[in-house]
Structures are given as structure tokens and as C-alpha cells.
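**Q** Sharing a structure below in C-alpha cells format, with a few things to ask.
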Amino acid sequence: MINAFFKLAKVNPISKIKVKHVTDLANYNRCTFYQYFEDIYDLLDQAENMLIEQIKNKVEQAYSSNVSYEDILILAASSFQEFGEILSILMGPGGSPSFHNKYMNMLRPVVRSIMKKKKLYYNDFLAEYAVGAFLSTVSYWYYHQENMSAEELASMIYDLTTEGIFPGKRG
């Protein structure tokens, strides 16, 4: 049923999808739907949580393997290639406002840990900036790939994060 929901969400705003649409497309009856979900928003919430968990597991596995910050960025960016269609639905104009927050909440602790581990100056504002900039840049890249690989994107984000947009002295 989740697959049917996302097929519908490709062409309809999530707010317009009804239980009947999902059950008809999935060839299930409404009773079966309600055995698993309270309503469409419960289905959406469960789908978001499953996706966040899959991405989180990959990022945490990479982080615990002691790979570089740049490798973690590559992994996170490549998750947009792996889960791109669903992510584009959830983060697109007709998507789910709550998903963006869930994704940010998943990435925030990883960024904090990296900043502390690398002994970088840390505060919540910098972590929030890093997470927001990453998510926004990767979302933009997904829609406008223009022959840039996940590795090239991660390298660019790494350079922006470590050197800044305008490297050099202030003033």
C-alpha cells in the first residue's frame, strides 16, 4: 500500500490522496488498509519513519566505521540517488512538511558529533546551518543534477563547509 501511495503522490499532492485511491490502486479493500494504518497520514508517517530509519542506519554505520566527513557526505548525498523519487515527493511542493523536520532531526546529531570529534568550533547555530545548507543543496542537486556525481557534490559541500563560501579574511 505504501508503494501505491507513492505512485499516487507522484501526480497528486499528498493532501489530495484518499484511502480509496490507495486501496483501489493496491487492489486491497479498505478493511485491510485500516488493519495497518489509522488514515492516510498514519501511512505517510510510517513511510517517512521507515525511510528516515534506512538513511539513518547507513549514515550511522559510516560514522561508526570512522570514515571521513567527506565520505559521510557522499553517503548522505547518494541516499538521494537511492531514495530520490520518494525523497523528491516528500520534499517537493506537494509533499510532507513534517518529513523535512524529521530529516533535519536525523542529521543534526551526526553533524554535532562530527563537529565535536573534529574539534571544530561548535554551537547549535552552526550545526543548524550545516544541516540546513546540506539538505537544501542536496535537494537542489537532485532536481538539477547536470552531470554532477554524488562524490562531486559531496566534495563541493565539504569545501564549502570547511573553507566557506568566501574564503579569506573578513572585511
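The values are calculated or read from the model by the stated rules, or taken from the named source; none is laboratory data. None of these values were measured; they are calculated from a predicted model. Cβ atoms come from the backbone with ideal geometry, glycine included; neighbour counts cover every protein chain shown. To get the accessible areas, we keep the full protein, side chains included, count just its heavy atoms, and leave off ligands, DNA and RNA. Shrake-Rupley method; radii C 1.70, N 1.55, O 1.52, S 1.80 Å.
**Q** For the range 97-108, indicate whether the set of residues that are over 18 Å from residue 57 (Cα atoms) and not in a helix (DSSP H, G or I) is non-empty.
**A** The answer is no, given that none of the residues of the range 97-108 is over 18 Å from residue 57 (Cα atoms) and not in a helix (DSSP H, G or I).
**Q** Mind counting the residues in the range 30-66 that are open to solvent by 90 Å² or more (accessible area, probe 1.4 Å) and closer than 21 Å to residue 15 by Cα?
**A** 6
**Q** From the list 19, 11, which one is farther than 18 Å from residue 88 by Cα and either at pLDDT below 95 or touching a helix residue (DSSP H, G or I) at 6+ places or on another chain (Cβ under 8 Å) (or both)?
**A** None of the other options fit; the residue is 19.
**Q** Might you check whether a residue that is touching a Leu at 6+ places or on another chain (Cβ under 8 Å) and of a type in the set (S, T, N, Q) occurs anywhere in the range 86-96?
**A** Checked against the condition, which is being touching a Leu at 6+ places or on another chain (Cβ under 8 Å) and of a type in the set (S, T, N, Q), the range 86-96 yields at least one hit.
**Q** Answer yes if at least one residue in the range 73-93 is open to solvent by 70 Å² or more (accessible area, probe 1.4 Å), modelled with pLDDT of 75 or more and under 12 Å from the mean Cα position of the chain (by Cα), and no otherwise.
**A** Yes, the range 73-93 has at least one match.
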